[in-house]
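The values are calculated or read from the model by the stated rules, or taken from the named source; none is laboratory data. It should be emphasised that the depicted structure is a prediction, and the values quoted were computed from it without experimental measurement. Neighbour counts run over all protein chains shown; Cβ positions are idealised from the backbone, glycine included. Side chains are part of the model used for accessible areas, which takes the heavy atoms of the whole protein and leaves out ligands, DNA and RNA. Shrake-Rupley method; radii C 1.70, N 1.55, O 1.52, S 1.80 Å.
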Amino acid sequence: MTTAIITAIVIVVVAGVALFVFFRSRSVKPNASVSKSVSSIGSGTPFQTRKGDSMAASAGAHQSSNSSLLDRLRPRYTAIFVLMTGIFGSLTAKLWSMQVLSSEEYRAKSDENQLTTVKTSAPRGRIFDTEGIVIVDNEITPTILANPEVAEDRSVLMRLSALTGLPYAVVRQRILDSSGGAQAQREVSSNPRSRDVAFISEHRDAFPGVVVEQRARRVYPYKGLACQVVGYTGTVTDSQLESKPHNLDYQSGDEVGQSGIELSYDGYLFGTHGERVVVNDVDGTVHEVRSETPPTQGNDLYLTISAKVQKIAEEELEALIAPNGVIGGGTGTSGAVVAMEVDTGDVLCMASFPPFDPTNFVGGVTQDDWNRYNDKDSSGAPLLNRCIAGQYPAASTFKAFTGMAGLHYGFADSTRIWDCTGTWTGFGESYPQKCWETSGHGPISFRQAVVVSCDTVFYEIAKDFYDKSATLGMDAMANYIKEFGFGSKTGVNLAGEGEGTIPTPEWKAEHWADAPEQAQWQPGDMSNMVIGQGNVLVTPLQVAVGYAGVATGQLPVPNLLKEIKNSDGETVVGPSREIRSIPDIDKASLEVMRDALRGVAEEDASIPTLLSQYDYECACKTGTGEWAGHDGYAWFAMYAPYDNPKYVVTCVITEGGAGASSAAPIAAKVMDGCVKLGAGSLEKEITPTEEITQSVPYAGTGAGRVD
């Protein structure tokens, strides 16, 4: 305000001086001294007088000329004066208004501009397995941070470059990155050497604007264990910022869940930001930290997944598919295993092969890694969770459900006998279909047809549905199958689940809308569907839910959450379990199918020998899905114990050949792990692959600071 007053006084003085000079110049008569001199000379001789008269006349004429010029310029001077007075007057009034009348308002705004609140990142909650084994942890590591203005200090940049070993351009680019906010400190190095931290701390004068903070970063003690389930984190995207939940304070630059459990439960895992109130100038340069509130760690999440059972499944998949560390070096190219409790839906194992290394996503995944992970040919698409998003022909595992449909509608029973010759022509001699046993099974019952997976018996069931379509409708079989959860999402608490496909006339007409000839529903669509081929697509999790339905008569909704605990160790969220009924199921049909599936475990070729090494009794079914030009899809589904079902396991191997030889051994070993886990006798050893130097404690913590 003092400056404004002084400025106003100066303007008034200058205007007054200008006014005085202007009017003073008007009062002075030009050439007055000259006239006086001439008059004094005129008192001399006549000659001098005549000469004086002549000079006087000349002077008079000159004075008249000056007076006329002044008269002509006077309006211009007046206009200039008025203009200058108006300009300076307006400036004076504006300055007076801003600096005197509105001084308090502008002072408040100035204070607001000087004080800026900067959010600091918070550690995410940890993720545990069902027994409390930590799968995803946080490690406290030193992080070199720099204020934004350091980007313009060449000497400091060069010192940082020499100290960290990072190129000068990289250091500067990281400090210029404003994704975390204009006044937020920029990350230079997320895991510096101890000697670098010590050097900065001991030479503060050489690194103005540079600090070292203790920050949390995601670590994975067992590397890629259950990686597709837990998922990974990444910098919050623009779309996530725009659609963030009302209870989450996402800030630009935050690490948030991008897939798996990290995404599904991000609202619980996401911590509470800390705050730094800083004094900065108009250029954003921070001059002082007024106050600092530490961040709070997010809630800890406990899964139903057993790390031990998960490890068994992943090791078995790797041993089969990549025994020498090369995918395809063994049997198959990829695979998936699901293990679940039949009465609760709690998922104990969800293994998808090949896996990925989630540590590659810490601090941001490189473009090379991202391209590699998404290249199906070179990496096998490890980011895909095949348990929920892999969709495969169900093959003969589907016969448990199409067989139930036949039993329900009276097209099959425990006394009827069919004749399998190896070639079936029920829809006409022009449309023969083969049984997998091309020489035929001969006279065969329904139970034995399930045990040896005879296609002919199921072709006959499909024909009965087709022949009765006028009464039952063409989609009667499909609708019954859907009651076991096929053709729709299971409801598991993970994003990206596939629905699969159960073909119907309506589906085919819509799917082939651009090809009318192929859109027609044909008898062959029924006979293909009944053996799990044709357009049938299912996920391993759907098959697990379906077999749980056969085992118990009810469908569990798959669940991965055991509980969520806050920083005080209190349970804030428990499991959400749901059991669905199967409307058209009847106990008599269930008993027939259960007995047939038990027969597979006791009578089907190599399966009894395989299962004899384990201490549980089970019901099961093999399957081999056809894939033209490839080695098919190997399936195995089972539940145990047979007399009191507790667990269900499904396994599929892409290009794995016969289900009995590739998928069955893996599923059987995983089931053994589940049974022993329930009995408290599972001694599977899992060893951390990464040492954690300093884990974030259970209670909420703030990020430490070293200045």
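Of the numbered criteria (1) on the phi > 0 side of the Ramachandran plot; (2) touching a strand residue (DSSP E or B) at 6+ places or on another chain (Cβ under 9 Å), the one G428 fails is (2). Scanning region 212-228 for residues that are part of a strand (DSSP E or B) and either in contact with a Pro (Cβ under 7 Å, 6 or more places away or on another chain) or not aliphatic (A, V, I, L, M) (or both) yields V212, E213, Q214, R215, A216, R217, R218. Residues in region 229-250 that are in a loop (DSSP other than H, G, I, E, B), in contact (Cβ under 8 Å) with a residue 24 or more places away in the chain and more than 12 Å from the chain's Cα centre (by Cα): D249 alone. Can you tell me which residue in region 552-575 is most open to solvent (accessible area, probe 1.4 Å), limited to those that are closer than 18 Å to I305 by Cα, in contact (Cβ under 8 Å) with a residue 24 or more places away in the chain and not in a strand (DSSP E or B)? Among those that are closer than 18 Å to I305 by Cα, in contact (Cβ under 8 Å) with a residue 24 or more places away in the chain and not in a strand (DSSP E or B), it is P575. Just to be sure, is G549 open to solvent by less than 10 Å² (accessible area, probe 1.4 Å) and either part of a strand (DSSP E or B) or not polar (S, T, N, Q) (or both)? So G549 passes the test. Of all residues in region 333-362, which are part of a loop (DSSP other than H, G, I, E, B) and under 18 Å from A668 (Cα atoms)? If the condition is that a residue be part of a loop (DSSP other than H, G, I, E, B) and under 18 Å from A668 (Cα atoms), then V342 is the only one that fits. Filtered by the rule that a residue be of a type in the set (A, V, I, L, M, F, W, C) and closer than 27 Å to P167 by Cα, region 188-235 gives V188, V197, A198, F199, I200, A206, F207, V210, V211, V212, A216, V219. When R186, R159, R172 are checked against the criterion of being touching a Leu at 6+ places or on another chain (Cβ under 6 Å) and surrounded by 17 or more Cβ atoms within 10 Å (Cβ to Cβ), a single residue qualifies: R172. Kindly provide the set of residues from region 494-543 that are among the aliphatic types (A, V, I, L, M), touching a residue at least 12 places away in the same chain (Cβ under 8 Å) and outside any helix (DSSP H, G or I), ordered by number. L494, A495, I502, V530, I531, V536, L537, V538 - these are the residues of region 494-543 that are among the aliphatic types (A, V, I, L, M), touching a residue at least 12 places away in the same chain (Cβ under 8 Å) and outside any helix (DSSP H, G or I).
Taking the criterion of being open to solvent by 30 Å² or more (accessible area, probe 1.4 Å) and over 34 Å from the mean Cα position of the chain (by Cα), the residues of region 661-685 that qualify are S661, P665, V675, K676, A679, G680, S681, E683.
Of all residue pairs spaced 6 or more apart or on separate chains, those with beta-carbon atoms under 9 Å, a first member in region 338-365 that is under 14 Å from T490 (Cβ atoms) and a second member that is acidic (D, E) are M340/D346; G345/E578; V347/E341. In the set (1) open to solvent by less than 30 Å² (accessible area, probe 1.4 Å); (2) farther than 28 Å from K646 by Cα; (3) over 35 Å from the mean Cα position of the chain (by Cα), P503 fails one condition alone, (3).
When region 611-657 is filtered for residues that are within 16 Å of I531 (Cα to Cα), buried (at least 17 other Cβ atoms within 10 Å of the Cβ) and modelled with pLDDT under 95, the ones remaining, listed by number, are G625, G632. Selection of helices (runs of 4 or more DSSP H) fully inside region 382-493 by the criterion of at least 2 residues being open to solvent by 40 Å² or more (accessible area, probe 1.4 Å) and either within 30 Å of G574 (Cβ to Cβ) or touching a residue at least 60 places away in the same chain (Cβ under 8 Å) (or both) returns 446-452, 455-467.
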